[in-house]
Amino acid sequence: MIKKYPWIKYFLIFVFAAILIAAVIRVITPQTEEPLIPPSEVQKKNFDQSVSTYNNVEFVGSTSNIDLTNSVGIYSAQLVDGEEELDNLISTLVSLFNLVQDPELTDKEFYISDEYSLSRSYLRDELMLSRYTPPEVMLEQIANPPPTGINTQQAISRATLFVNSIFEEQQYVPQLSSIAYLEGMMEPHPSSEQNAHYAEISFAQQIDSLPIILEQELVAPIRVMVSNNYLIQKAVFRTKELNLQQISDAQLLTVEEAIDRLNQESVGSIVGFAKDDPTPYSLAQISSGTLEEVVLEYRYDPELDLVYPFYRFSGTLTNSQNQSLQADVIAPAIKVQL
């Protein structure tokens, strides 16, 4: 056969040589596969420690805010002594606002002045600073509500000045995409910039202009409420000082790939939800979902001592009992071990 068609002999030699050269090149060329993040509870356990199985969840929103062209970082995160950090923060706030320990609550960390109070929650390991409004002033404000409307830039400047007076400048950055406007003196409720009595500005540390969120928190580590006369009305601190060191680069999954992993491998967790119906809601089996918004953020995973990127989705989830609720779901934005 080869004698009859001698070109076959040369063709086979060529094919064999090409395969051999390709094999040699593969052996001598360094392989650059991305490291896979190990599994962890943040990736799969919900905020209430339940575990969900997902089916038929789809994303219908825009991904124009997600830049897939640049690689992202994976960072080792060493947690600085949290107790010492919180004690230092208390000392700074006590000095800044001339606070003294409440003489009637000497067994608790509760500090007061004529204008402000500072309390510590051991359950959430957070501090809350609140501006004191005398009852007669509150009654007057309810009877004759002050003018509404707030200048967002002025509120941001006031909140940033306050945060920078406590922490190193630029350590915590205002999150301009998550400003909340509130109206009402007794029980503030969502409002618009034009009708607001308060603006709440969130602050977070950042990597490449993306916020670092702690574990499965819904909100940034610092939230500052500024009144429309530009006083600090309230501030909540749940900070953790992290020493970060980049250990590798990784390529972002597309939003579609993250949703596929959510449906096929249940790689994702529910970090918060809201519903009007008081009936108990099971998170065990999510039979469908329509997610409408997505943002990219870094999250601190305490189990792995890593900071790495997650997608955070918002939308509607429906369980196997056909109950629906508004939920926030996070899913790793890079490849993780299944």
ask   = In this structure, does Glu303 turn out to be touching a Gly at 6+ places or on another chain (Cβ under 9 Å), at pLDDT 95 or above, surrounded by fewer than 16 Cβ atoms within 10 Å (Cβ to Cβ) and assigned by TED's automatic domain parsing to the domain that holds Gln49?
value = no
remark   = Taking segment 274-289 and keeping residues assigned to a strand (DSSP E or B) and either crowded, with 18+ Cβ neighbours inside 10 Å or in contact with a helix residue (DSSP H, G or I) (Cβ under 9 Å, 6 or more places away or on another chain) (or both) leaves Ile286, Gly289
remark   = Among residues of segment 133-189 being surrounded by 12 or more Cβ atoms within 10 Å (Cβ to Cβ) and charged (D, E, K, R), the residue nearest to Phe237 (Cα to Cα) is Arg158
request  = Need at least 1 residues that are aliphatic (A, V, I, L, M) and more than 25 Å from Leu214 (Cα to Cα) per element, so show me which strands (runs of 3 or more DSSP E) inside segment 33-131 make the cut, counting only ones lying wholly within it.
outcome  = 57-59, 110-112
note = Taking segment 68-91 and keeping residues of a type in the set (Val, Ile, Thr) and either over 16 Å from Pro332 (Cα atoms) or out of contact with any Leu (no Cβ under 7 Å at 6 or more places or on another chain) (or both) leaves Thr69, Val80, Ile90
request  = Check whether at least one residue in segment 251-267 is in a strand (DSSP E or B) and among the small types (Gly, Ala, Ser), and report yes or no.
outcome  = no
task = Give the residue that is farthest from Val219 (Cα to Cα), with candidates limited to residues of segment 240-269 that are touching a helix residue (DSSP H, G or I) at 6+ places or on another chain (Cβ under 8 Å) and not hydrophobic (A, V, I, L, M, F, W, C).
result = Ser266
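The values are calculated or read from the model by the stated rules, or taken from the named source; none is laboratory data. Note that this is a predicted model, so its numbers are computed, not measured. Don't worry about glycine lacking a Cβ; one is built from the backbone with ideal geometry, like all the others, and counts go over all protein chains shown.
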